[in-house]
Each structure stands twice: as structure tokens, then as C-alpha cells.
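To start, the structure under review is shown below, and the notes come after it.
The values are calculated or read from the model by the stated rules, or taken from the named source; none is laboratory data. These numbers were taken from a predicted model, which means no experiment stands behind them. Positions of Cβ are generated from backbone atoms using ideal geometry, with glycine treated the same way; all protein chains shown enter the neighbour counts. When the accessible area is computed, the model is the full protein with side chains, heavy atoms only, and any ligands, DNA or RNA have been set aside. Shrake-Rupley method; radii C 1.70, N 1.55, O 1.52, S 1.80 Å.
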Amino acid sequence: MRRVAAGVFLPLLLCLLAVVPALAGPRPVQETNASCLKCHGDEDIAPRTERGASLELYVPAKRFAKSVHRGLACVECHLGAGTKEDFTEAPHKLSAQGAKTCVDCHGKYFSDINSSYSQSFHAKQLGDKFSCTSCHNAHVMENTVATKPSMDQVRFDNYTCLKCHTDLTGYKALSGKEVWEQDLSHDFLPNKAEHFAAVRCIECHTPAKSADMHRILPKEESLKDCTACHSEESILTHRMHSEPTDADFGGKFLGKGLFDDASLLKKLAPLKKSEVAANMTPNALGFINNGLFKDSYVIGATRNVVLDTWAFYLALATLFALVLHGGLRYLSSRKRQGHAGAPHSEYVYDLHIRLWHWMNALLFVVLLVTGMSLHFAGLAGTLDFALSVRLHDIAGCLLVANYAVFVLMALVTGNIKQYIPNPRGLIVRWYSQARFYLWGIFRGEAHPFRVTRSQKFNPLQQAAYLPLMYLMMPLLILSGIWMFFPELTPDTVFGFPGRWLTATVHYVLAVGFGIFLIVHIYLSSTGDHALSLIKGMFTGYHVSHEPQDEEKR
């Protein structure tokens, strides 16, 4: 009986064991590809043909796992000759047809890309020697409209261009320099290295008014207008997306005969409008075009419109107050003439102080004009963007050196004491000086605090100059250095994106110094005559016609 049972159940058990794998379905693609990646996933693989040409057979496994083709088995594209030993031996026995091309799968759906490519400089110059795979590596292509706006992806895309246009690796190995450092055709870029690291070549070498990335233009027609990217209506907003949208996907199927184009256009219209609106709408921190690069800042494009609005109204209010104050001074000027006494002068400002002062003033004017031209690039009245970058960088470096001289002089000569107020009776002195500016100056009263060599600043000037020169100026310089060397900027500062915060601090301080400069110039006209205080900063002598009352300190 046991023999009979064994004879019946043993065959059944063997059949069951044979059926279970079949019920489990085919092996996952990852498993079938793993055998290929054992060799091709090794970056040291570098075979050569019989003639010595190198073959690009390395497939980065991690990037392939994120690519659009990650769900395909290698053998779906790489066709064997039809024998069991096709891929078990090296070199592999491949089909005479070769691997499938991009057109085999995508040709029907992307005929518009083929049309654009046929008009490109590559197709006209190279013909059949250039194809999709010349730029697109099927093993690492990711599922986005153009590319993910990350530094790694940009560098990878640019390497795709540079590896053909120049011998990137060889040049760096021989000279120790990056290839763009010797390419004179890019000398018009203010910061070539930063552009090559953050912006794809195709942004400038394809039609600027289009999102078409496949029509590569001749170098004579390439984009050389900085404001095309560095402005509120940056072309990058139409090209760079962190994730593909429904409008992007839907637009790819227009004219392909797959769907009713009229109904598809009707569905896409509101999506496209909302996409543009979302792009221009300030984010929670007030930045527009904030999706160009993740947590980054593009000068002129990712402006903070909230700060721009407040800065405009603050500057307008300041100008209005100064014009009103100046008008009242002019109307009451006769009263002031009645208090004139015998002129007297004192040598107050040493030569090194005067030289530093005018150098500082000149640098600030240059920095403000060029900085605003960069921030509001493309608006009427702004300077050329590339010129502004160069002037701003030069003036910024000179300002750092000038400030270092200022601090050194203040410590060596003891001039720093001029900025430190005497705490005794400070509130009373502030009130006295404020009363003079708001009331006494219209009545022709004498200045409550006479300028002398030992005390150049009145109490309100001390209150303004001390934080301005020893707190705000270092912050302005530090944020400027971080803007000049963005790679030094921390990723986050106090929980905020580092580059956004750096740009915000730099801009707010620049606006503050700009308003201070306007007020400072106006107050320099409050001497005996409109130009007497300014003249003193050229000659070194402070001249006054006011009665010589006892100094109030």
C-alpha cells in the first residue's frame, strides 16, 4: 500500500514543484538585468575594438534604476543572434540588425522631434554619423520634460556636449584647467565656470523663443543676451521643470493621430495658463520663478517681489520727506541769514579720511547702479547685464579692501572713538539734534553740536554710523562674498534655503545703504551753505558762520 501511495504522490509532488515557478510568473526585470550589470555595471569595463577604438559599455546601475527604461530588460533592445550562447560569451553574438533604435519605439509619437532635429546644425553637418544616442544615453534618461534642474544633471548634460566638442578629460589632464577656460567663444560670459556648472549648453544654443531642445543652432546664431535668462520673463521658466506636468505630457500627443486634437487642446489650455501663472506667482517667501533651480537664486529672475514693493515705497517716502524738508528750508532761508556771524574754520578731516570717504562713496554709487541693473535686468534704464556683473564684481572687491583700510585706520589712529557715543545724557542729546532737524533748522537756529576735530559727528550721526559701519557693512560684505562664491553658501541658514536668504540679506542691506546714501547727501546740504559741508570733505576744513557758543557734548 505504501509503495502504491509513493508511486502516486511522488509524481504529483514533482509536477507541483515544476508548476510553482510558472505560477510565480516570469523573473522580474531587475533579476534578468542583474546578470548583465555584473559586468556592465563595473565602471572599470573598458574594452576596445580590433582597431583600438574604445567602447562605451559601462552602465551606472544606480542611474539606470531611476531611468525611464528601468522597466525594460536589456535583451528587449540589445538583440542577440538567436543562439543560447549570445550573451554568455564575450564578445557577445549580436543580431545583424544590431540594437533597436529610439525610433523603433518612439518614432510614431515624436515625429515633431525628428522634424526639429533635421533642422539642427548637427544633422546638416554630420548626417548619419549623428543620432539620438549621440546625446541621449538610453540607460540614464530620466522622466522629465527637459531635465531635472539639479547641478548634477546639468553637469551631466553639459558633459554630453563637451565630450564631443572638446576632449574634456584629456585637456584637463594635460593643463589642469577646465575646457571652458580656453574656449574663447564663451569669453562674453561674466562667470564662465558658474554658467557651465549651473546652465545647460542647449539653453543658449537652441532657439530662445521656443522650448524646442533639438534644433541646435550654429554658433553664430547662439543666444548672447544675458537678460533672456536673468529677467522676470526668463526663458528658463519655459524649459526647466522639476517635474513634468499634465500639459507637458498632453502636448506631446498633439498631431500624432492618437487622440482628438481639438478636445486635447481644450483640456490643455487651462493647464498651460495655470502653469505660467504658478510660475510667476510669488512663493511663500515672496520669490517669483522659484522653480528654476531648487532652493537656488538666479539674479534678475528669482526676485522677491514683496521686498521690491516695500523697497520702492520706502524709497518714495524718503524722497518725499526730503523734498518737503528741503522746500521748507528754502522758504525759511531768510531767517537763517540773520544769525550769521564771523566765519571761522578748523582743520577736521585728514587727507587719508577724505580719500577713503570719496573712494567709498564712488564704490557705493557703482555698486548700487550695477546691483539694481542686475536685480531688475531687462527693464528700461538698466545697464548691460554682462557689463554690470563685471563692474559690480570689481567694485565689490575694492569695497572689501577699502573697508579693511577703514577698520585698520580706525584702530591705529583711534578714529573709532568718533563712532562711540557718550552714554551720559544720550537721550537728551538725541532729542536736541532731532529737534534741530525737525524744527530749529527752519527757524535759523544754530546747530546744537558744532563740528570739531575731536568730535566730527553729532549724536544722531553716531547712532546711525556705528551700526552702519560695524554691523551692516560686514554683513553686506559677507553676503556679497557668498553671492560671488555660491559654492560657499550653506545649504540652509536658520532653516531657510541658504542662497535665497543670502540674496535677501544682500538686497535688503543694499536698499538700506541706498536710502542712507540719499539721506546722507541731503544732510550734507544742511551747513551754512548748500555745498559748505561737501567742500569741507575736499579741503579738510570745516567752515562755519554760526556764533561760537560753548560746545554741547
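Is there a residue in region 422-442 that is hydroxyl-bearing (Ser, Thr, Tyr), open to solvent by 30 Å² or more (accessible area, probe 1.4 Å) and farther than 24 Å from Val348 by Cα? Yes, region 422-442 has at least one match. Restricting attention to region 83-114, the residues being assigned to a helix (DSSP H, G or I) and of a type in the set (D, E, K, R) number 2.
Taking first residues from region 508-537 that are at pLDDT below 90 and partners that are part of a helix (DSSP H, G or I), the Cβ contacts under 6 Å between residues at least 6 apart in sequence or on separate chains come to Gly527/Leu533.
I'd like to check something: does region 402-412 contain any residue that is small (Gly, Ala, Ser) and over 27 Å from Ala197 (Cβ atoms)?
Residues of region 402-412 that are small (Gly, Ala, Ser), as a first pass: 404, 410.
Restricting the remaining residues to those that are over 27 Å from Ala197 (Cβ atoms) gives 404, 410.
Yes, region 402-412 contains at least one residue that is small (Gly, Ala, Ser) and over 27 Å from Ala197 (Cβ atoms).
A Cβ distance below 8 Å, combined with a sequence gap of six or more or placement on separate chains, defines the contacts here; from region 304-329, residues that are under 26 Å from Ser231 (Cβ atoms) and free of Cβ contacts under 8 Å to residues at least 40 places away in the same chain reach residues that are among the aliphatic types (A, V, I, L, M) and not in a helix (DSSP H, G or I) in the pairs Val305/Ile288. Picking from residues in region 8-34 that are among the polar types (S, T, N, Q) and open to solvent by less than 70 Å² (accessible area, probe 1.4 Å), the one that is modelled with the highest pLDDT is Asn33. Annotation note: Cβ proximity below 7 Å between a residue of region 486-501 that is in a strand (DSSP E or B) and a residue that is open to solvent by 50 Å² or more (accessible area, probe 1.4 Å) (sequence gap 6+ or interchain) occurs for Pro497/Asp295.
In region 483-496 there is no residue that is over 27 Å from Leu316 (Cα atoms), open to solvent by less than 70 Å² (accessible area, probe 1.4 Å) and charged (D, E, K, R). Pairing residues of region 389-413 that are closer than 13 Å to Ala361 by Cα with residues that are crowded, with 16+ Cβ neighbours inside 10 Å and hydroxyl-bearing (Ser, Thr, Tyr), at Cβ distances under 8 Å and at least 6 apart in sequence or on separate chains, gives Ala395/Thr370. Answer yes if at least one residue in region 410-418 is out of contact with any Asp or Glu (no Cβ under 6 Å at 6 or more places or on another chain), open to solvent by less than 60 Å² (accessible area, probe 1.4 Å) and part of a loop (DSSP other than H, G, I, E, B), and no otherwise. Taking every residue of region 410-418 in turn, at least one turns out to be out of contact with any Asp or Glu (no Cβ under 6 Å at 6 or more places or on another chain), open to solvent by less than 60 Å² (accessible area, probe 1.4 Å) and part of a loop (DSSP other than H, G, I, E, B). Taken over region 351-382, the criterion of being part of a helix (DSSP H, G or I), β-branched (Val, Ile, Thr) and within 23 Å of the chain's Cα centre (by Cα) is satisfied by Val366, Val369, Thr370. In this structure, does Ala404 turn out to be surrounded by fewer than 18 Cβ atoms within 10 Å (Cβ to Cβ) and closer than 30 Å to Pro190 by Cβ? Yes: the conditions hold for Ala404.
Selection of first residues in region 145-171 that are in a helix (DSSP H, G or I) and of second residues that are modelled with pLDDT under 75 and polar (S, T, N, Q), restricted to Cβ pairs under 9 Å at least 6 apart or on distinct chains, gives the following pairs, ordered by first then second residue: Met151/Ser296; Gln153/Thr144; Gln153/Thr147; Val154/Thr147; Phe156/Thr147; Asp157/Thr147; Lys163/Thr169; Tyr171/Gln182.
The residues of region 53-82 that are of a type in the set (D, E, K, R), assigned to a helix (DSSP H, G or I) and either open to solvent by 80 Å² or more (accessible area, probe 1.4 Å) or over 15 Å from Asp42 (Cβ atoms) (or both), listed by number, are Lys62, Glu76. In the set (1) open to solvent by 50 Å² or more (accessible area, probe 1.4 Å); (2) touching a residue at least 40 places away in the same chain (Cβ under 8 Å), the condition left unmet by Tyr465 is number (1).
Do we find that Ser432 is under 30 Å from Ser234 (Cβ atoms) and either aliphatic (A, V, I, L, M) or touching a helix residue (DSSP H, G or I) at 6+ places or on another chain (Cβ under 8 Å) (or both) in this structure?
Working: under 30 Å from Ser234 (Cβ atoms): no; either aliphatic (A, V, I, L, M) or touching a helix residue (DSSP H, G or I) at 6+ places or on another chain (Cβ under 8 Å) (or both): yes.
Criteria not met by Ser432.
Within 27 Å of Leu523 (Cβ to Cβ) and at pLDDT below 75 - does that describe any residue in region 272-289? No: region 272-289 contains no residue that is within 27 Å of Leu523 (Cβ to Cβ) and at pLDDT below 75.
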